[in-house]
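The values are calculated or read from the model by the stated rules, or taken from the named source; none is laboratory data. Since the structure is predicted, the reported quantities are computational estimates derived from the model, not experimental observations. Glycine also receives a Cβ, built like all others from the backbone with ideal geometry; neighbour counts cover every protein chain displayed. The accessibility values were calculated without ligands, DNA or RNA, using every heavy atom of the protein model including side chains. Shrake-Rupley method; radii C 1.70, N 1.55, O 1.52, S 1.80 Å.
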Amino acid sequence: MDFSTPMRHGPVELRLIRPKDARPLQHELVTNRRWLEPWEATLPGLQTGIDMRVSIRRLLQQYRDGSGYPFVMEYGGAIAGQLNIWGVMRGSLCSATIGYWVSERFAGHGITPAAVAMATDLAFAELGLHRIEICLRPENRPSLRVVQKLGFRYEGLRRRFIHIDGDWRDHLAFSLVREDVPEGVLRRWAEGRVPADWAAVPESDLPH
């Protein structure tokens, strides 16, 4: 599949990651440690460093294998973060998960919802997937706003689901299936037709 043409919505661009992105992405990750560390996956019992060259090689291998699709988010031509469609399952599931991070200096510009919408539309229309899932920590209010803006359906609390920031953390699970958005996620959001209650989370599942 040809990903040579980036996807765009206003000043937001989503394109396939490239080896030469290693240096600017590494810079963003290092300078945004305080901002990103509470939401980053870790390995139980291991200290992990940041080596974007190695990470990009692995991501591009997943892309070649068809098990993942790694993208860079840009805003006005500047690298703002990263988005991955990962854990791609074919056969009777046809599903995947979306994960992402954005630099603090770009937060609040609508970059992440636009990128997630474009990635979800790509997954349904071009990759032949049927279901896209996003899992996030209940404390991650910015990410919660993303799924609310786009109308992902809340599915429930997954206890101690992913090892994040040094421990097993609870996550909220949201998803969309292709039949939910026949017009596309981006178009539905841009036209203001997102259902208000699909992403509603019961108070009992939120931190107090």
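If you roll a 1.4 angstrom probe over the protein chains with everything in place, what fraction of the accessible area of the chain belongs to carbon and sulfur, to the nearest %?
Values: 5520 of 10830 Å².
Carbon and sulfur together cover 51 percent of it.
Keeping every protein chain present and rolling a 1.4 Å probe, give me the accessible area per residue for segment 1-99 in Å². Each step should come with its number before you reach the end.
Values: 5730 Å² over 99 residues.
The answer is 58 Å² per residue.
I'd like to compare 174-182, 78-86: which one has the highest average count of other Cβ atoms within 10 Å, and what's the full order after that?
Top to bottom by mean Cβ count within 10 Å: 78-86, 174-182.
Under the 0.36 nm per residue contour assumption, what length would be gained going from the current alpha-carbon distance of Ile162 and Ala196 to full extension? Please report the intermediate quantities before stating the final value.
Numbers: separation 34, 0.36 × 34 = 12.24 nm, distance 2.79 nm.
Roughly 9.4 nm would be gained on extension.
How much accessible area per residue does segment 123-166 have, counting only protein heavy atoms and a probe of 1.4 Å, in square angstrom?
Result: 46 Å² of accessible area for each residue.
Sorted from largest to smallest, which semi-axis lengths in Å does the alpha carbon gyration tensor of segment 84-203 give for its equivalent ellipsoid, taking the root of 5 times each eigenvalue?
21, 18, 15
Mind giving me the FRET efficiency for Arg57 and Glu139? R0 is 41 Å, r the Cβ-Cβ distance, nearest 0.05 is fine.
That pair, Arg57 with Glu139, gives E of 0.80.
Between His130 and His27, how many nm apart are label points set 7 Å from Cα along the C-beta direction?
4.5 nm
How big is the dipole moment of the chain about its Cα centre under a simple scheme where the beta carbon of each Lys and Arg is +1, that of each Asp and Glu is -1, and everything else is neutral? Debye, nearest 20, please.
Values: 27 positive and 25 negative charges, 84 e Å.
In debye, rounded to 20, the chain gives about 400.
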